[in-house]
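Read through the structure below, which is laid out as C-alpha coordinates, and then see the notes.
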Amino acid sequence: MKKIFWIGLLLFSFWLLLTVTYNVISLMIGIGVVLIVLWFNRDLLINEHESDFYSLKSVIQLILFLFVLVKEIIIANIQVAKIVLDPKMPIQSSFFDYPVQLKKPMNQVIYANAITLTPGTLTVDTKDDYFVIHALTDDAKNGLSGSALEKAANRLEDIYD
(Lines give C-alpha, C1' and ligand atoms only; values in the text may rest on other atoms or scores of the structure.)
Protein backbone atom coordinates (compact mmCIF):
# COMPACT_ATOMS: atom_id res chain seq x y z
CA MET A 1 0.00 0.00 0.00
CA LYS A 2 2.93 2.29 0.78
CA LYS A 3 4.30 1.71 -2.73
CA ILE A 4 0.98 2.69 -4.33
CA PHE A 5 0.89 5.89 -2.25
CA TRP A 6 4.36 6.93 -3.46
CA ILE A 7 3.57 6.10 -7.08
CA GLY A 8 0.33 8.08 -6.78
CA LEU A 9 2.23 11.00 -5.30
CA LEU A 10 4.75 10.83 -8.14
CA LEU A 11 1.96 10.76 -10.74
CA PHE A 12 0.18 13.68 -9.08
CA SER A 13 3.45 15.64 -8.98
CA PHE A 14 3.83 15.03 -12.69
CA TRP A 15 0.24 16.22 -13.17
CA LEU A 16 1.07 19.42 -11.27
CA LEU A 17 4.13 19.92 -13.46
CA LEU A 18 2.01 19.70 -16.61
CA THR A 19 -0.92 21.76 -15.31
CA VAL A 20 -1.12 25.33 -16.57
CA THR A 21 -3.48 26.68 -13.92
CA TYR A 22 -3.76 25.66 -10.29
CA ASN A 23 -7.39 25.80 -9.21
CA VAL A 24 -9.69 23.44 -7.34
CA ILE A 25 -11.16 21.89 -10.50
CA SER A 26 -7.74 21.21 -12.02
CA LEU A 27 -6.49 19.62 -8.79
CA MET A 28 -9.63 17.48 -8.46
CA ILE A 29 -9.26 16.29 -12.06
CA GLY A 30 -5.60 15.48 -11.37
CA ILE A 31 -6.49 13.42 -8.30
CA GLY A 32 -9.22 11.65 -10.26
CA VAL A 33 -6.89 10.82 -13.15
CA VAL A 34 -4.22 9.52 -10.76
CA LEU A 35 -6.76 7.31 -8.99
CA ILE A 36 -8.02 5.93 -12.31
CA VAL A 37 -4.46 5.20 -13.49
CA LEU A 38 -3.67 3.47 -10.19
CA TRP A 39 -6.89 1.44 -10.37
CA PHE A 40 -6.30 0.21 -13.92
CA ASN A 41 -2.68 -0.66 -13.14
CA ARG A 42 -3.29 -2.31 -9.77
CA ASP A 43 -2.20 -5.73 -11.08
CA LEU A 44 1.11 -4.24 -12.19
CA LEU A 45 1.65 -2.22 -9.04
CA ILE A 46 0.90 -5.01 -6.57
CA ASN A 47 3.37 -7.52 -7.94
CA GLU A 48 5.47 -8.92 -5.11
CA HIS A 49 8.12 -10.30 -7.50
CA GLU A 50 9.09 -6.83 -8.65
CA SER A 51 8.44 -4.88 -5.47
CA ASP A 52 12.14 -3.97 -5.16
CA PHE A 53 11.84 -2.14 -8.48
CA TYR A 54 10.18 0.74 -6.63
CA SER A 55 12.91 1.32 -4.06
CA LEU A 56 14.89 4.56 -3.95
CA LYS A 57 18.10 2.74 -4.92
CA SER A 58 16.47 1.22 -7.99
CA VAL A 59 15.01 4.56 -9.10
CA ILE A 60 18.45 6.17 -8.81
CA GLN A 61 20.03 3.32 -10.81
CA LEU A 62 17.29 3.64 -13.43
CA ILE A 63 17.94 7.38 -13.76
CA LEU A 64 21.67 6.69 -14.15
CA PHE A 65 20.81 4.05 -16.76
CA LEU A 66 18.75 6.63 -18.66
CA PHE A 67 21.69 9.06 -18.68
CA VAL A 68 23.95 6.34 -20.09
CA LEU A 69 21.25 5.47 -22.65
CA VAL A 70 20.94 9.07 -23.84
CA LYS A 71 24.74 9.32 -24.18
CA GLU A 72 24.87 6.05 -26.16
CA ILE A 73 21.99 7.18 -28.41
CA ILE A 74 23.84 10.41 -29.22
CA ILE A 75 27.07 8.55 -30.01
CA ALA A 76 25.24 5.97 -32.15
CA ASN A 77 23.38 8.72 -34.02
CA ILE A 78 26.68 10.32 -34.98
CA GLN A 79 28.08 6.96 -36.12
CA VAL A 80 24.99 6.17 -38.22
CA ALA A 81 25.04 9.68 -39.72
CA LYS A 82 28.66 9.14 -40.79
CA ILE A 83 27.68 5.86 -42.45
CA VAL A 84 24.70 7.37 -44.26
CA LEU A 85 26.65 10.40 -45.44
CA ASP A 86 29.60 8.30 -46.65
CA PRO A 87 29.31 7.80 -50.44
CA LYS A 88 30.51 4.18 -50.08
CA MET A 89 27.79 3.35 -47.48
CA PRO A 90 30.01 0.97 -45.43
CA ILE A 91 27.22 -1.28 -44.14
CA GLN A 92 27.87 -4.83 -42.92
CA SER A 93 24.35 -5.76 -41.86
CA SER A 94 24.03 -8.93 -39.78
CA PHE A 95 21.87 -10.84 -37.32
CA PHE A 96 23.56 -12.40 -34.30
CA ASP A 97 22.81 -13.98 -30.93
CA TYR A 98 23.91 -11.80 -28.05
CA PRO A 99 24.32 -13.51 -24.66
CA VAL A 100 22.64 -11.71 -21.78
CA GLN A 101 23.38 -12.24 -18.10
CA LEU A 102 20.22 -10.46 -16.91
CA LYS A 103 17.75 -12.81 -15.23
CA LYS A 104 14.90 -10.49 -14.22
CA PRO A 105 12.31 -10.09 -17.01
CA MET A 106 11.88 -6.37 -16.26
CA ASN A 107 15.61 -5.76 -16.73
CA GLN A 108 15.70 -7.84 -19.90
CA VAL A 109 12.88 -5.75 -21.38
CA ILE A 110 14.57 -2.49 -20.37
CA TYR A 111 17.89 -3.57 -21.89
CA ALA A 112 16.33 -5.00 -25.08
CA ASN A 113 14.43 -1.76 -25.64
CA ALA A 114 17.58 0.26 -24.94
CA ILE A 115 19.42 -1.69 -27.62
CA THR A 116 16.56 -1.03 -30.04
CA LEU A 117 16.54 2.69 -29.22
CA THR A 118 20.23 2.95 -30.03
CA PRO A 119 20.59 3.65 -33.77
CA GLY A 120 22.37 0.91 -35.69
CA THR A 121 21.02 -1.96 -33.56
CA LEU A 122 17.63 -3.61 -33.24
CA THR A 123 16.54 -6.31 -30.81
CA VAL A 124 14.54 -8.75 -32.93
CA ASP A 125 13.81 -11.47 -30.37
CA THR A 126 14.50 -12.27 -26.74
CA LYS A 127 15.20 -15.69 -25.29
CA ASP A 128 16.02 -16.69 -21.71
CA ASP A 129 19.75 -16.17 -21.97
CA TYR A 130 20.28 -14.30 -25.25
CA PHE A 131 18.82 -11.69 -27.60
CA VAL A 132 18.64 -11.92 -31.38
CA ILE A 133 19.94 -8.58 -32.60
CA HIS A 134 20.28 -6.97 -36.01
CA ALA A 135 23.30 -4.70 -36.36
CA LEU A 136 23.95 -2.22 -39.15
CA THR A 137 27.72 -2.57 -38.96
CA ASP A 138 30.34 -4.83 -37.42
CA ASP A 139 31.34 -1.95 -35.13
CA ALA A 140 27.79 -1.78 -33.75
CA LYS A 141 27.84 -5.56 -33.29
CA ASN A 142 31.19 -5.60 -31.51
CA GLY A 143 30.41 -2.48 -29.50
CA LEU A 144 27.61 -4.09 -27.50
CA SER A 145 29.76 -6.44 -25.46
CA GLY A 146 31.25 -4.64 -22.48
CA SER A 147 29.57 -1.35 -23.40
CA ALA A 148 28.56 1.28 -20.89
CA LEU A 149 24.93 0.43 -21.63
CA GLU A 150 25.48 -3.23 -20.75
CA LYS A 151 27.26 -2.27 -17.52
CA ALA A 152 24.41 0.07 -16.56
CA ALA A 153 21.87 -2.70 -17.24
CA ASN A 154 23.89 -5.10 -15.09
CA ARG A 155 23.83 -2.55 -12.26
CA LEU A 156 20.02 -2.63 -12.49
CA GLU A 157 20.20 -6.39 -12.01
CA ASP A 158 22.44 -6.03 -8.95
CA ILE A 159 19.71 -4.10 -7.14
CA TYR A 160 17.55 -7.16 -6.74
CA ASP A 161 20.15 -9.63 -5.51
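Annotations for the structure displayed:
- Val59 being modelled with pLDDT under 90 and either within 19 Å of Ile110 (Cβ to Cβ) or under 21 Å from the mean Cα position of the chain (by Cα) (or both): yes
- The single residue among Met89, Met106 that is at pLDDT below 90, on the phi > 0 side of the Ramachandran plot and assigned by TED's automatic domain parsing to the domain that holds Leu149 turns out to be Met89.
- Hey, Thr116 surrounded by fewer than 18 Cβ atoms within 10 Å (Cβ to Cβ) and modelled with pLDDT under 95 or not: yes
- Taken together, Asp97, Asp128 contain a single residue that is in a loop (DSSP other than H, G, I, E, B) and either in the same structural domain as Leu66 (by TED's automatic domain parsing) or in contact with a Lys or Arg (Cβ under 8 Å, 6 or more places away or on another chain) (or both), which is Asp128.
The values are calculated or read from the model by the stated rules, or taken from the named source; none is laboratory data. Please read all numbers here as calculations on a predicted model, not as lab measurements. Note: ideal-geometry Cβ built from the backbone for every residue, glycine included; neighbour counts use all protein chains shown.
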